[in-house]
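Chemist: Take a look at this one; I'll ask things after.
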Amino acid sequence: MAAKLHKWHRRIGLLASTFIVFLVVTGIVIQHSDELGLPTKFLTNTWLLNYYGIQPNPIVTYQLNNQTVSHAGEHLYLSGKPITDDVEKLFGAVIQNDQIIIAISDSLIITDFQGNLIDQITKLDGLSESPLGIAISAKGTTVVRGGTKYWESTNDLFNWQEYSGPHPQWVAPSITLPALRQVIETYDMGQQISLERFLLDAHSGRVFGKYGIYVIDAAAILLLILALTGIRLWSVRK
Amino acid sequence: MRIQLYILVISITLVFASQSLAKGVYQTPEEFLSQTFGTAPEPQRITLSKDLGKEVKKILGHRYKKIRVPYWQEGCRSAWILEEIGKERYITTGFVVNGQGLEKVKVLVFRESRGWEVKHDFFGKQFVNAKLTEKNKLDKHIDNITGATMSVDAVTNISRMALLLHDHVTKDSC
């Protein structure tokens, strides 16, 4: 009986060893995920991203002389370079006083031509309404389209008054050229699955689909059997 | 069987409840300012010039997200609404600083899925009267919260930035 049990113990041990190595390696790396910066590193492999079913987000682009301001997912891009995130929607961009003024869901973002974020004007700074559009008036002032009224900046975007004048020419979205689209899509898709998420999915078996979880469950049961047969063999031998 | 079903339902409810606790606007910046000042003074801006920007970078380990930082000042008391990444996303925190150091620290918006424990008042209260040492560190120890280390670090670092900027805007007048 003990010889038979020993034989099975060895067989199960051999089978489980592959899983043990896999689970130990992924487990240790997950354990030190923060120190390794895995939450902020992302999966960029196209095959894996496709395997996850990751699709690029729709892109909205506004042309500004020889530069572009685009939005995809939660990111804002200046000529394809990501400049900030946590942006829900883009409503347009204009150039004023050698700065780019970008109208987003709840505020105006000011950047330089290199994409450095200079400032963000919110309702706390006097912005009357959330922007739904932006234009440069015939007088050269910045005009923002709010939900109910049009607002004109009177002084460095910190003071606003109701706009009265000719209907402003709101900036309209333009076509996203293929080269720009490719740059933005590559970045956007590469920001969706963190390495920590990938490792957690691998460790739990989820990365291998719905059957992957059962495979890891089976591995766990094998380890349990191994422990039980090990204890049994040890007690028999004693 | 019925007990197992109850356990399953309770477990699922707890998981979703903890998720809903995590993200959210705990206090709007408007509320924070009116609670601090009554009627908030006009916002002002401090520009992170080359030298100041360098000091901020030293504190945070990277450049601050904006070059101009808004603040609200009444006498020798100032309020700051600053943002710093915890693990993956920005945590918006409000700070009130006076001559004695930090007066109030309040997490206003939390966007991460974990580490939300920093929103509790007991965490913010640890910062009260904390000042900067010569090396721009806090002169008080801030306890870590298990499972929220990165959020704790983010709020601690950004509180140092608030103190540094307060010193800059009040150095000639207070």
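Chemist: Assuming B:GLY124 fulfils every condition listed in (1) surrounded by fewer than 21 Cβ atoms within 10 Å (Cβ to Cβ); (2) assigned to a strand (DSSP E or B); (3) of a type in the set (Gly, Ala, Ser) apart from one, which condition is it?
Modeler: Exception for B:GLY124: condition (2).
Chemist: Here are some conditions: (1) crowded, with 18+ Cβ neighbours inside 10 Å; (2) among the β-branched types (Val, Ile, Thr); (3) without any contact (Cβ under 8 Å) to a residue 60 or more places away in the chain. A:VAL171 meets all but one. Which one does it not meet?
Modeler: (3)
Chemist: Further question: Of the residues in region B:106-125, how many are away from chain A (no Cβ under 13 Å) and under 20 Å from B:LEU60 (Cβ atoms)?
Modeler: The initial filter retains those residues of region B:106-125 that are away from chain A (no Cβ under 13 Å), namely B:106-107, B:116-125.
If we keep only those that are under 20 Å from B:LEU60 (Cβ atoms) as well, we get B:106-107, B:118, B:123-124.
Residues flagged as away from chain A (no Cβ under 13 Å) and under 20 Å from B:LEU60 (Cβ atoms) within region B:106-125 amount to 5.
Chemist: When you look at B:ILE10, is it at pLDDT 85 or above and of a type in the set (Val, Ile, Thr), yes or no? I'd like the intermediate steps shown before the answer.
Modeler: Details: at pLDDT 85 or above: no; of a type in the set (Val, Ile, Thr): yes.
Considered against the rule, which asks whether it is at pLDDT 85 or above and of a type in the set (Val, Ile, Thr), B:ILE10 comes out as no.
Chemist: Something else about it: Pairs needed: first member in region A:144-161, within 14 Å of chain B (Cβ to nearest Cβ); second member anywhere, among the aromatic types (Phe, Trp, Tyr); C-beta distance under 9 Å; at least 6 residues apart or different chains.
Modeler: A:TRP160/A:TRP151
Condition check ((1) surrounded by fewer than 16 Cβ atoms within 10 Å (Cβ to Cβ); (2) outside any strand (DSSP E or B); (3) touching a strand residue (DSSP E or B) at 6+ places or on another chain (Cβ under 6 Å); (4) acidic (Asp, Glu)) across all residues:
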{"site": "A:VAL69", "(1), (2), (3), (4)": "no, no, yes, no"}
{"site": "A:PRO82", "(1), (2), (3), (4)": "no, no, yes, no"}
{"site": "A:VAL94", "(1), (2), (3), (4)": "no, no, yes, no"}
{"site": "A:LEU108", "(1), (2), (3), (4)": "no, no, yes, no"}
{"site": "A:GLY115", "(1), (2), (3), (4)": "no, yes, yes, no"}
{"site": "A:ASP119", "(1), (2), (3), (4)": "no, no, yes, yes"}
{"site": "A:LYS139", "(1), (2), (3), (4)": "yes, yes, no, no"}
{"site": "A:VAL143", "(1), (2), (3), (4)": "no, no, yes, no"}
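Chemist: Considering only region B:110-120, I want to know if a residue exists there that is surrounded by fewer than 15 Cβ atoms within 10 Å (Cβ to Cβ), under 12 Å from the mean Cα position of the chain (by Cα) and over 17 Å from B:ILE46 (Cβ atoms).
Modeler: For region B:110-120, residues surrounded by fewer than 15 Cβ atoms within 10 Å (Cβ to Cβ), under 12 Å from the mean Cα position of the chain (by Cα) and over 17 Å from B:ILE46 (Cβ atoms): present.
Chemist: Another question, then. Of all residues being surrounded by fewer than 20 Cβ atoms within 10 Å (Cβ to Cβ) and in contact (Cβ under 8 Å) with a residue 60 or more places away in the chain in region B:60-81, which is nearest to the other protein chains (Cβ to nearest Cβ)? Just the residue, please. Steps first, please.
Modeler: Taking region B:60-81 and keeping what is surrounded by fewer than 20 Cβ atoms within 10 Å (Cβ to Cβ), we get B:60-63, B:65, B:67-68, B:74-77.
From the residues that got through so far, the ones that are in contact (Cβ under 8 Å) with a residue 60 or more places away in the chain too are B:60-61, B:75-76.
Working: B:LEU60: 14, B:GLY61: 12, B:GLY75: 20, B:CYS76: 21 Å.
Checked region B:60-81; the qualifying residue nearest to the other protein chains (Cβ to nearest Cβ) is B:GLY61.
Chemist: What pairs come up if the first residue lies in region A:20-49 and is within 14 Å of another protein chain (Cβ to nearest Cβ) and over 15 Å from A:VAL207 (Cα atoms), the second is charged (D, E, K, R) and assigned to a helix (DSSP H, G or I), and their beta carbons are under 6 Å apart, counting only those six or more places apart or on different chains?
Modeler: Short answer, once both residue conditions are applied: A:SER33/A:GLU196; A:LEU38/A:GLU196; A:PRO39/A:GLU196.
The values are calculated or read from the model by the stated rules, or taken from the named source; none is laboratory data. Please read these numbers as outputs of a predicted model, since none were measured by experiment. Neighbour counts run over all protein chains shown; Cβ positions are idealised from the backbone, glycine included.
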